[in-house]
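Step one of this worksheet: look at the structure below.
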Amino acid sequence: MREGLYLIDFHAHLKGPGTLHNFCPEDQHTSFFRSTTPFFEGLANFSEPLHDAFTRYLALNFRDGLSRLLYASVGQFGLMEAIRLFKNYDVDQLLRSMDRHGLDHAVVCSLEPFITTHEILEAIAPHRRRLSIFASVGRNEADPTGYLAQHIESGEISGLKIHPVVGGYACGELYHRTKDIVDLATQHGLPVLIHTGHIPVEAIRGLAAGCTEVNAIEPLIAAFPQARFVLAHIGWESWRRILHLAEKYPNIMVETSWQPARIIRRAVDKLGAQRVLFGSDFPLFKQSTALSELRQALSPREFVSVASTNARRLLDVRLFERTAS
């Protein structure tokens, strides 16, 4: 613990011990993807310090319609970069990043159907003192609640994640496909993290069918007033709509990854520091940058709430804290 605080990154990702061939396979199997990826990965591994800083600057400052259209036009390269980052940044890299930045604990979310809950459980098994897992499920899972219930009953997971884009949920079906998942989480007192924000995926076949509309999640939130929802990324470009939704429903918290200090500040001013959670979206976004934006936005007391106290309320980390102290 640094400065006497137990700091928690509420939003991270890892790949499992296997390959990533199942990550948008219809895209990876195209001749363009197969022929371009080796050159792209070699160049990107060399240029990462420069292009990563530039990409993060764009993502933090340019989210208008034209910017998103431009991002979508290079969507295949964005997919290549995401896969490269998952390959290069494994659980050991995550733990080293946490150590460098004084983070004691992180929530790792699976990305079903591409990165499964089973794979993540295997990857983090030696590090459960420092890593929790949120399980997810894709729309084509035959028995989604049964699949998730086995993980809940085993005590292996700390929450559930719904990713409408990666999970393949169309906007019109999102409520009906996920209401039983939220009901299951509510019965067991588990928080539900929902991706919000428009990922520019129009050129990525494996993701293009997923819902990116904020309005599609409101029926789900309205139907479960006892559920504890966390809306990831504060909606990215849709942050105004997400904050409006959170003002309307007190069972919503928001998570800060991919947001600049000025938007994090707006979230705290609108909702109070007790309803905002720190997250990074590692390895797609650097924990160092995410923490820097958070510290710029908040007073020391607010920082304690957002980076520590609020997550500890949602996660059962008391055992981890005793072990770490």
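Every number in this text was worked out from the coordinates using simple rules, so none of it is lab data. Source: prediction; values computed, not measured. Don't worry about glycine lacking a Cβ; one is built from the backbone with ideal geometry, like all the others, and counts go over all protein chains shown.
Spelling out what I want: for every residue of region 283-297, take phi, set θ = phi - 60°, compute 6.51 cos²θ - 1.76 cosθ + 1.60 (Karplus), and round to whole Hz; glycine and proline get x.
x, 6, 9, 6, 4, 4, 5, 4, 5, 4, 4, 5, 5, 5, 7
Go ahead and estimate [θ] at 222 nm for the chain from helices alone: -39,500 (n - 2.57) per DSSP H run with n ≥ 4, summed, over the residue count, rounded to 500. Kindly include the intermediate steps, with their values, before the conclusion.
Numbers: 15 runs with 156 residues, N = 325.
Taken over the chain, the calculation gives -14500 deg cm²/dmol.
Going by average Cβ neighbours within 10 Å, how do the peptides 89-102, 115-128, 192-205 rank, with the highest at the top?
So the order, starting with the most tightly packed, is 192-205, 115-128, 89-102.
Hey, fewest Cβ within 10 Å first, where do C211, C171, C109 land in order? The partial results should precede the final answer.
Numbers: C211 21, C171 14, C109 29.
Ascending number of Cβ neighbours within 10 Å: C171, C211, C109.
Between region 153-215 and region 130-148, what's the alpha-carbon centroid distance in Å?
10 Å
Would you please classify the overall shape of the chain from the alpha carbon gyration tensor, given that a ≥ b ≥ c denote the square roots of the eigenvalues, rounded means a/c under 1.5, and beyond that prolate means a/b larger than b/c while oblate covers the rest?
Working: a/c = 1.23, a/b = 1.15, b/c = 1.07.
Rounded, because the longest to shortest axis ratio a/c is under 1.5.
Using Cα centres only, tell me the gap between region 240-266 and region 1-56 in whole Å.
Going from one Cα centre to the other spans 26 Å.
What are the ³J(HN,Hα) values, in whole Hz, obtained from phi via the Karplus relation 6.51 cos²θ - 1.76 cosθ + 1.60 with θ = phi - 60°, for each residue of region 249-255 in sequence order, with x given for Gly and Pro?
3J(HN,Hα) across region 249-255, in whole Hz: 10, x, 8, 9, 10, 10, 10.
Quick one: which residues, 5+ away or cross-chain, put their amide H under 5 Å from the amide H of R228? H built at 1.01 Å from N.
V192
Would you mind putting 232-244, 59-71, 37-49, 285-297 in packing order, based on average other-beta-carbon counts within 10 Å, highest first?
Working: 232-244: 21.5, 59-71: 14.2, 37-49: 12.6, 285-297: 19.1.
Taking the mean over residues of other Cβ atoms within 10 Å, the ranking is 232-244, 285-297, 59-71, 37-49.
Please work out the FRET efficiency for the pair S35 and T55, using the Cβ-Cβ distance as r and a Förster radius of 22 Å; give the result to the nearest 0.05.
Details: r = 23 Å, r/R0 = 1.05.
Result of the calculation: an efficiency of 0.45.
Report, largest value first, the span of the C-alpha coordinates of region 40-83 along each principal axis, in whole Å.
Its Cα atoms span 31, 19, 12 Å along the three principal axes.
Within the chain, how many Lys pairs sit with Cα atoms under 18 Å apart, leaving out pairs fewer than 8 places apart on the same chain? Mind dumping the intermediate values first?
Working: K15/K87; K15/K161; K15/K286; K87/K286; K161/K179; K248/K270.
Lysine pairs meeting the criterion: 6.
Amide H to amide H, which residues 5 or more places from L277 or on other chains are under 5 Å from it, using H placed in the peptide plane?
V254, E255, T256
I need the phi-derived Karplus couplings for region 177-182: 6.51 cos²θ - 1.76 cosθ + 1.60, θ = phi - 60°, integer Hz, Gly and Pro marked x.
7, 10, 4, 5, 5, 5
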